[in-house]
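These notes concern the structure reproduced below.
The values are calculated or read from the model by the stated rules, or taken from the named source; none is laboratory data. As the structure is a prediction and not an experimental result, all values here were calculated from the model. With ideal geometry, Cβ positions are generated from the backbone for all residues, glycine too; neighbour counts draw on all protein chains shown.
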Amino acid sequence: MKKVKVVEIGPRDGFQNVKEFIPTETKLRIIDQLMAAGFQKIQITSFVSPKAIPQLRDCRQVVEHCLAKYPKNKLFALVPNFTGARLAVEAGLTEISPVLSLSESHNMNNVKRTVAQSIEEMKKIRQAFPDVKITQDIATAFGCPFEGEMPVEALVELVGKLHVLGIRAFTLCDTVGLAYPTLVEKVFRTVKKAFPSDEFNVHIHDTRNMGILNSYVALQNGADSVQSAVGGLGGCPFAPGASGNTSTEDLVYMLNKCGYDTEIDFAALLKTAKYVHSVIDGNFSGHQINIPEKPCVIRQV
Ligand code: COA
Ligand code: ZN
């Protein structure tokens, strides 16, 4: 069986776009259920300005609770700048995902910096925290809500600039769901060829119902892990048209059927997704949460 790493990012990307504050206890209960379902790696929050994303203002509490309870799991957080990286490391995290965008306009909208300024910020982060694992998020890697489809050459150039800073792991993010299978194939083949020893993960939004397909194509073309959000919750508040991530339960269901070993307990995951759906008023793109119990017999031959 082919092993595949499914990285749950619902507690960050999923929650960040929800208007009403989700009580910290509810966030922790959801993370507990995800842990029980078998996730080894979860993005549990982000250390961003509470003015920009008030929903995640409890980031420190969430991190402290989870590190104490799950010391063996890989827990990480998104950070938009040096301040966020410092706060995340002070809270005890040993892995962070700094974010910058491939497109200038989304980077400015999202983190109020030019791409060059963000690269300088990444340099400071890399130098200040040499022992922290950095998995660099590249937003709008496939397309931008303001600039449209992004050329793969520009992505290779940006990865190159980050690579020379010592950053060796990347997550290519389809922030508003503009990717499509042949583009995903081209992007993964190109970056893997240009940087064969670097890690490339995939993060897709399901805006146009291509989340599962694009994630699958990324895996087939060498993606080291696939990110998704429970229930298909998610979206960037600074990207017009942003919608939910690929839903983790839809993804795990598909991967299980296709013979991948996800090490996730699907029944426990689906129960968690339904719980999230029942307690959060948000934008869910998942399909499995709406299927009634025992709708029909799905026989595997
Ligand atoms: N965490 C907490 N507080 C932060 C912070 C962080 N990472 N970065 C900055 N701040 C605080 C500063 O301390 C300052 O506080 P003050 O007003 O009380 O003095 C304030 O925010 C402004 O700081 P500044 O450096 O000028 O930030 P900014 O206004 O230029 O905002 C970002 C830039 C990146 C901090 C902000 O745009 C942000 O957090 N964006 C979130 C992006 C995001 O998460 N998008 C979705 C995921 S892709
Ligand atoms: Zn996202």
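Here are some residues: V159, V132. Which one is more than 9 Å from ligand 1 (Cβ to nearest atom), β-branched (V, I, T), surrounded by fewer than 19 Cβ atoms within 10 Å (Cβ to Cβ) and in contact (Cβ under 8 Å) with a residue 24 or more places away in the chain? Can you show your working first?
Values: V159 fails: surrounded by fewer than 19 Cβ atoms within 10 Å (Cβ to Cβ).
That would be V132, the only listed residue that is more than 9 Å from ligand 1 (Cβ to nearest atom), β-branched (V, I, T), surrounded by fewer than 19 Cβ atoms within 10 Å (Cβ to Cβ) and in contact (Cβ under 8 Å) with a residue 24 or more places away in the chain.
Do we have any residue at all in region 199-206 that's touching a Gly at 6+ places or on another chain (Cβ under 9 Å), within 20 Å of V7 (Cα to Cα) and within 16 Å of ligand 1 (Cβ to nearest atom)? If you could, list the steps in order and put the result at the bottom.
First, the residues of region 199-206 that are touching a Gly at 6+ places or on another chain (Cβ under 9 Å): 200, 204-206.
Subset that is within 20 Å of V7 (Cα to Cα): 200, 204-206.
Okay, now just the ones that are also within 16 Å of ligand 1 (Cβ to nearest atom), so 204-205.
Yes, region 199-206 contains at least one residue that is touching a Gly at 6+ places or on another chain (Cβ under 9 Å), within 20 Å of V7 (Cα to Cα) and within 16 Å of ligand 1 (Cβ to nearest atom).
Yes or no: region 225-239 includes at least one residue that is under 14 Å from the mean Cα position of the chain (by Cα), assigned to a loop (DSSP other than H, G, I, E, B), within 19 Å of L183 (Cβ to Cβ) and within 15 Å of ligand 2 (Cβ to nearest atom).
As a first pass, look at region 225-239 and keep what is under 14 Å from the mean Cα position of the chain (by Cα): 225-236.
Imposing the further condition that a residue be assigned to a loop (DSSP other than H, G, I, E, B) reduces the set to 233-236.
Right, trim to within 19 Å of L183 (Cβ to Cβ) and you get none.
No, that holds for no residue.
Give the residue, chosen from L100, L78, that is closer than 24 Å to G148 by Cβ, within 16 Å of ligand 2 (Cβ to nearest atom) and buried (at least 24 other Cβ atoms within 10 Å of the Cβ).
Numbers: L78 fails: closer than 24 Å to G148 by Cβ.
The conditions single out L100.
Any residue at all in region 71-80 that is away from ligand 1 (no atom under 16 Å from the Cβ), among the polar types (S, T, N, Q), out of contact with any Leu (no Cβ under 6 Å at 6 or more places or on another chain) and touching a residue at least 40 places away in the same chain (Cβ under 8 Å)? Walk me through how you get there before you give the answer.
Restricting attention to region 71-80, the residues satisfying the condition of being away from ligand 1 (no atom under 16 Å from the Cβ) are 71-75.
This time we only want the ones that are among the polar types (S, T, N, Q), so: 73.
Remaining after also requiring out of contact with any Leu (no Cβ under 6 Å at 6 or more places or on another chain): 73.
With touching a residue at least 40 places away in the same chain (Cβ under 8 Å) added as a condition, the list becomes none.
No, region 71-80 contains no residue that is away from ligand 1 (no atom under 16 Å from the Cβ), among the polar types (S, T, N, Q), out of contact with any Leu (no Cβ under 6 Å at 6 or more places or on another chain) and touching a residue at least 40 places away in the same chain (Cβ under 8 Å).
Are there any pairs, at least 6 apart or on different chains, whose C-beta atoms fall under 6 Å, with the first in region 36-63 and on the phi > 0 side of the Ramachandran plot and the second surrounded by 16 or more Cβ atoms within 10 Å (Cβ to Cβ) and in a loop (DSSP other than H, G, I, E, B), and if so, which?
Note: pairs meeting the criteria are G38/I264.
Against the condition at pLDDT 95 or above, assigned to a loop (DSSP other than H, G, I, E, B), more than 14 Å from the chain's Cα centre (by Cα) and basic (K, R), how does K27 come out, does it pass?
Numbers: at pLDDT 95 or above: yes; assigned to a loop (DSSP other than H, G, I, E, B): no; more than 14 Å from the chain's Cα centre (by Cα): yes; basic (K, R): yes.
Judged against the criteria, K27 is not a match.
Among the numbered criteria (1) touching a residue at least 40 places away in the same chain (Cβ under 8 Å); (2) surrounded by fewer than 16 Cβ atoms within 10 Å (Cβ to Cβ), which single criterion is violated by I264?
(2)
Across region 250-261, what is the number of residues that are surrounded by 15 or more Cβ atoms within 10 Å (Cβ to Cβ) and assigned to a loop (DSSP other than H, G, I, E, B)?
Qualifying residue count, region 250-261: 0.
Only one of V62, V7, V18 is within 21 Å of D224 (Cα to Cα) and within 16 Å of ligand 1 (Cβ to nearest atom); which?
On the way: V62 fails: within 21 Å of D224 (Cα to Cα); V18 fails: within 21 Å of D224 (Cα to Cα).
Just a single option satisfies the conditions, and that option is V7.
List the residue pairs whose Cβ atoms are under 7 Å apart, where the first residue sits in region 233-255 and is in contact (Cβ under 8 Å) with a residue 40 or more places away in the chain and closer than 13 Å to V4 by Cβ, the second is among the hydroxyl-bearing types (S, T, Y) and within 14 Å of ligand 2 (Cβ to nearest atom), and the two are 6 or more positions apart or on different chains.
T248/S228; L251/S215; L251/S228
Suppose we filter region 275-295 for residues that are without any contact (Cβ under 8 Å) to a residue 40 or more places away in the chain and in a helix (DSSP H, G or I); how many remain?
Of the residues in that region, 2 qualify.
From the residues in region 251-287 that are in contact with a strand residue (DSSP E or B) (Cβ under 8 Å, 6 or more places away or on another chain) and either among the basic types (K, R) or within 16 Å of ligand 2 (Cβ to nearest atom) (or both), which one is farthest from P54 (Cα to Cα)? Write out each step before concluding.
Narrowing region 251-287 to residues in contact with a strand residue (DSSP E or B) (Cβ under 8 Å, 6 or more places away or on another chain): 251-252, 255, 259-264, 273, 284-287.
Cutting the leftovers down to either among the basic types (K, R) or within 16 Å of ligand 2 (Cβ to nearest atom) (or both) gives us 251, 284-286.
On the way: L251: 29, F284: 20, S285: 23, G286: 25 Å.
Checking each candidate, the answer is L251.
Kindly provide the set of residues from region 163-180 that are surrounded by 20 or more Cβ atoms within 10 Å (Cβ to Cβ) and either touching a Phe, Trp or Tyr at 6+ places or on another chain (Cβ under 7 Å) or hydroxyl-bearing (S, T, Y) (or both), ordered by number.
Of everything in region 163-180, those that are surrounded by 20 or more Cβ atoms within 10 Å (Cβ to Cβ) and either touching a Phe, Trp or Tyr at 6+ places or on another chain (Cβ under 7 Å) or hydroxyl-bearing (S, T, Y) (or both) turn out to be F170, T171, L172, D174, T175, L178, A179.
Pull up region 161-218, narrow it to residues that are among the basic types (K, R) and out of contact with any helix residue (DSSP H, G or I) (no Cβ under 7 Å at 6 or more places or on another chain), then point me to the one that is nearest to ligand 2 (Cβ to nearest atom). Break it down into steps so the answer makes sense when it comes.
Going residue by residue through region 161-218, those that are among the basic types (K, R) are 161, 168, 186, 189, 192-193, 208.
Narrowing the set further to residues that are out of contact with any helix residue (DSSP H, G or I) (no Cβ under 7 Å at 6 or more places or on another chain) leaves 168, 189, 192-193, 208.
Values: R168: 21, R189: 23, K192: 22, K193: 25, R208: 15 Å.
Among those that are among the basic types (K, R) and out of contact with any helix residue (DSSP H, G or I) (no Cβ under 7 Å at 6 or more places or on another chain), it is R208.
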